[in-house]
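For reference, the structure is listed below as structure tokens.
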């Protein structure tokens with residue numbers, strides 16, 4: 001394993017997908033501007049950990065992202081292992097069931113979009129077309145019309161969508177965060193270094209310095225003049 005400017009070499013696509021698919025939680029930070037990592041997480045059934053302060057997610061006005069993802073703050077990063085360890089298994093199961101109901105809404109599935117015929121004609125894809133990103137866009141627009149009436153729920157009614165009693169219960173991330181911080185856990189050397197960087201950024205609001213040290217744009221917007229080694 002080698003690193004370039006503090007960043008691990010690119011993982012082969014197949015390995016990347018397998019790593020995501022085999023994990024319970026997957027990081028989805030903004031990185032180099034607005035991120036698409038949360039969609040990758042959704043498509044393989046891994047609960048996205050979204051760390052993009054003040055960045056609105058796709059279709060956030062119609063999709064309850066808190067039902068199928070964890071939304072954390074920059075300040076939570078040093079305590080990430082402790083926070084994730086505190087998430088109850090039942091909450092993880094609820095969010096993963098939510099992923100099974102939401103994945104079509106992240107894809108454009110209309111026929112003829114340069115997809116291989118084996119995908120275009122796949123039974124799962126055909127079933128999901130009525131709930132894809134286009135249909136979700138239309139749903140969001142219809143809700144903005146004067147006198148709009150409530151539509152069907154956010155879940156895509158596909159075979160992977162399984163709903164159980166209590167699935168609309170939301171995880172209280174603020175209570176979880178407070179419980180972890182009350183324990184004042186000892187930070188690892190790396191976590192302490194991250195905490196120092198975040199603390200300095202919060203004091204100075206210097207987005208460029210933060211980005212140069214972390215390869216991460218805190219606002220989710222690319223900063224002119226910041227260039228990293230590829």
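A full extension of the chain between residue 137 and residue 186 corresponds to an added length of 13.1 nm, given 0.36 nm per residue minus the alpha carbon distance.
Once the Cα atoms are used to define both axes, helix 173-182 deviates from the longest principal axis of the chain by about 20 degrees.
Quick one: grab the alpha carbon gyration tensor of segment 88-144, order the square roots of its eigenvalues as a ≥ b ≥ c, and give me rounded if a/c is under 1.5, else prolate or oblate depending on whether a/b is larger than b/c. Please report the intermediate quantities before stating the final value.
Values: a/c = 3.42, a/b = 1.39, b/c = 2.47.
Oblate.
Using only DSSP helix segments of four residues or longer, with each worth -39500 (n - 2.57), what per-residue ellipticity at 222 nm results for the chain after dividing by its residue count and rounding to 500?
After summing the helix terms and dividing by the residues of the chain, the value is -11500 deg cm²/dmol.
Taking Cα atoms only, the orientation of helix 89-102 departs from the longest principal axis of the chain by about 50 degrees.
Where both partners of a DSSP beta bridge lie in the chain, what percent of those bridges are antiparallel, to the nearest 5?
Values: 2 of 9 bridges.
Counting DSSP beta bridges with both partners in the chain, the antiparallel share is about 20 percent.
Rg(Cα) of segment 3-214 divided by 2.2 N^0.38 Å? Walk me through the numbers before you get to the answer.
Numbers: Rg = 19.2 Å, N = 212, 2.2 N^0.38 = 16.8 Å.
Output field value: 1.14.
Rounded to the nearest 10 degrees, the angle from helix 189-204 to the longest Cα principal axis of the chain is 90 degrees.
Every number here is computed from the coordinates shown, using simple stated rules; none is lab data. Treat the numbers as computed from the prediction; the structure is a model and nothing was measured.
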